[in-house]
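*Asks:* Please find one structure pasted underneath; my questions will follow.
The values are calculated or read from the model by the stated rules, or taken from the named source; none is laboratory data. Keep in mind that what you see is a predicted model, and the values were worked out from it rather than measured. Positions of Cβ are generated from backbone atoms using ideal geometry, with glycine treated the same way; all protein chains shown enter the neighbour counts. The protein model used for the area step is the full one, side chains on, heavy atoms only, and it has no ligands, DNA or RNA in it. Shrake-Rupley method; radii C 1.70, N 1.55, O 1.52, S 1.80 Å.
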Amino acid sequence: MRELVTYEWCARTGGTLTREQKRYLLRRTIASYGDHARGLVRLATGRRAGVDLVLPTAPDSALVDAALEVGRDQGPELEGHGFRTWLFGAVLAESDGVRVDPELLCIGGILHDAGAAEAVAGQDFTVRSADTAVLAFEKAGRPLDDARAAQLRDGIVAHATAGVTPEESALGTYIQAGAMLDIAGVRLADLSSSLVKEIFARHPNTGVHAVILRLIEAEAKAVPDGRFAHLRKLGLGLAAATSPTRRGG
């Protein structure tokens, strides 16, 4: 199912899943539930990670400024979520020993939901997010070569595919990991309490969970056989509504 982590597939199909693809993602999603449940038990019993990692700095302030300008229509809730997604994704990648392009992770994390602000019938929002992120580099006067542009687009599309692995897309894996930690508390136990508090202190949660719940509903209606409609049926909204990160982890 390599196509499910590619921009080409998502742009061509609008993100509509076949029955076979739905079954494949169902197996992946169910497999992830056990890991998440074990992580929540670790949190509840005080057995979270005790090692602090150093938070990254933005690779290029002008680049980040350009990304924010391009994505300012996200609103403060998604803007903060984007920054936290980047930081959480970066430290999880470091913890896992996986090398991810720092520039692409920064911009991809900040803008991974930029296309979700307004749902478009028949088009998966990650296509719009991917195009917005590539445009950010052009706005900063640093257009990407074709290979890195494709990597960024694929990574943003891949972040919405359940169970994406570093072998399929390292960028997509850690955009997803950062976003799911922020929204649902997935892998929260893998980071120290002090590190999580520092990230939320830098970029406070200003109500993103309520926004995400609305966006999930809108995206599911816009692409009824898409990935977010599939995840909605499997409990993504409930995971967001009950997340331990609702008040800052």
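*Asks:* Looking at the stretch 119-148, which of the residues that are outside any helix (DSSP H, G or I) and touching a Lys or Arg at 6+ places or on another chain (Cβ under 9 Å) is most open to solvent (accessible area, probe 1.4 Å)?
*Replies:* ALA121
*Asks:* How about the stretch 227-238: which of its residues are touching a helix residue (DSSP H, G or I) at 6+ places or on another chain (Cβ under 8 Å) and either surrounded by fewer than 16 Cβ atoms within 10 Å (Cβ to Cβ) or part of a loop (DSSP other than H, G, I, E, B) (or both)?
*Replies:* Listed by number, the list holds a single entry, LEU234.
*Asks:* Within the set of pairs 6 or more residues apart or between chains, which connect a residue that is farther than 10 Å from THR206 by Cβ and open to solvent by less than 20 Å² (accessible area, probe 1.4 Å) inside the stretch 68-86 to a residue that is part of a helix (DSSP H, G or I) and of a type in the set (S, T, N, Q) with Cβ atoms less than 8 Å apart?
*Replies:* These pairs meet every condition: GLY71/THR132; GLY82/GLN74.
*Asks:* Oh, and also: Looking at the stretch 183-210 only, could you name the residues that are open to solvent by 20 Å² or more (accessible area, probe 1.4 Å) and either within 17 Å of GLY235 (Cα to Cα) or among the charged types (D, E, K, R) (or both)?
*Replies:* Within the stretch 183-210, VAL186, ARG187, ASP190, LYS197, GLU198, ARG202, ALA210 qualify.
*Asks:* Just a yes or no: is a residue in the stretch 7-20 at pLDDT below 90, of a type outside the set (Lys, Arg), within 21 Å of the chain's Cα centre (by Cα) and open to solvent by less than 40 Å² (accessible area, probe 1.4 Å)?
*Replies:* The answer is no; no qualifying residue exists.
*Asks:* Looking for something charged (D, E, K, R) and not in a loop (DSSP other than H, G, I, E, B) - is there at least one such residue anywhere in the stretch 149-164?
*Replies:* Within the stretch 149-164 (the criterion being charged (D, E, K, R) and not in a loop (DSSP other than H, G, I, E, B)), the answer is yes, since at least one residue qualifies.
*Asks:* Applying the selection to the stretch 49-60, what residues are open to solvent by 60 Å² or more (accessible area, probe 1.4 Å) and more than 21 Å from the chain's Cα centre (by Cα)?
*Replies:* GLY50, VAL51, ASP52
*Asks:* With ARG2, ARG38 as the choices, which residue is in contact (Cβ under 8 Å) with a residue 40 or more places away in the chain and in contact with a helix residue (DSSP H, G or I) (Cβ under 9 Å, 6 or more places away or on another chain)?
*Replies:* Testing whether each residue is in contact (Cβ under 8 Å) with a residue 40 or more places away in the chain and in contact with a helix residue (DSSP H, G or I) (Cβ under 9 Å, 6 or more places away or on another chain) leaves just ARG2.
So that you can scan it fast, the table gives a plain yes or no per residue for (1) open to solvent by 40 Å² or more (accessible area, probe 1.4 Å); (2) in contact with a Ser or Thr (Cβ under 8 Å, 6 or more places away or on another chain); (3) modelled with pLDDT of 95 or more:
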| residue | (1), (2), (3) |
| --- | --- |
| THR165 | yes, yes, yes |
| SER169 | no, no, yes |
| LEU181 | no, yes, yes |
| GLU217 | yes, no, yes |
| LYS221 | yes, no, yes |
| ASP225 | yes, yes, yes |
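*Asks:* Here are some residues: GLY115, GLY89, GLY109. Which one is within 17 Å of ASP182 (Cα to Cα), in contact with a Ser or Thr (Cβ under 6 Å, 6 or more places away or on another chain) and open to solvent by less than 10 Å² (accessible area, probe 1.4 Å)?
*Replies:* The match here is GLY109.
*Asks:* Moving on. Scan the stretch 25-48 residue by residue and report those that are open to solvent by 50 Å² or more (accessible area, probe 1.4 Å) and hydroxyl-bearing (Ser, Thr, Tyr).
*Replies:* If the condition is that a residue be open to solvent by 50 Å² or more (accessible area, probe 1.4 Å) and hydroxyl-bearing (Ser, Thr, Tyr), then SER32, TYR33, THR45 are the ones that fit.
*Asks:* Scan GLY89, GLY71, GLY141 and give me the residue that is touching a helix residue (DSSP H, G or I) at 6+ places or on another chain (Cβ under 9 Å) and either of a type in the set (Asp, Glu) or at pLDDT 95 or above (or both).
*Replies:* The match here is GLY89.
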